[in-house]
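Here's the structure, in structure tokens; my notes come after.
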Amino acid sequence: MKDRIIKDELSKIKNFTVEDVLGRDEIVLSDSVLLSTTVNKSVLITGAAGSIGSELFRQILNLQPRVLILVD
């Protein structure tokens, strides 16, 4: 009986998507847009010591900015 109740409750759990978390549609940028906005440009990343900021740093560094400024 207890196992059935647990299974019933677990079946109510909804899978969620990126859009559910963001509250908006996901934005997908093309490589050409990313390159045109970063290659040989000055880029500022705020919150750079956090997990999202540090990931942005790693990804943007590969896009060859002229200057990359990190602020926490």
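For the reader, a short list of remarks on this structure follows.
- Within the stretch 43-55, the set of residues being under 14 Å from Ile69 (Cα atoms) and part of a loop (DSSP other than H, G, I, E, B) comprises Gly47, Ala48, Ala49.
- Flag for Thr17 being surrounded by 10 or more Cβ atoms within 10 Å (Cβ to Cβ) and either at pLDDT below 90 or polar (S, T, N, Q) (or both): no
- For the stretch 18-28, the criterion of a residue being in contact (Cβ under 8 Å) with a residue 12 or more places away in the chain and out of contact with any helix residue (DSSP H, G or I) (no Cβ under 6 Å at 6 or more places or on another chain) is satisfied by no position.
- Residue that is nearest to the chain's Cα centre (by Cα), among those in the stretch 23-42 that are small (Gly, Ala, Ser) and in a loop (DSSP other than H, G, I, E, B): Gly23
- Look at the stretch 51-72: where a residue is of a type in the set (Phe, Trp, Tyr) and a partner is outside any strand (DSSP E or B) and surrounded by 16 or more Cβ atoms within 10 Å (Cβ to Cβ), sitting 6+ places away or on another chain with Cβ atoms under 8 Å, you get Phe57/Ala48.
- Look at (1) under 27 Å from Asn62 (Cα atoms); (2) in a helix (DSSP H, G or I) and you find that Glu9 fails only one, number (1).
The values are calculated or read from the model by the stated rules, or taken from the named source; none is laboratory data. Computed from a prediction, not measured in an experiment: that's the story for all the values here. Counting neighbours? That spans all protein chains shown, and the Cβs are built from the backbone with ideal geometry, glycine included.
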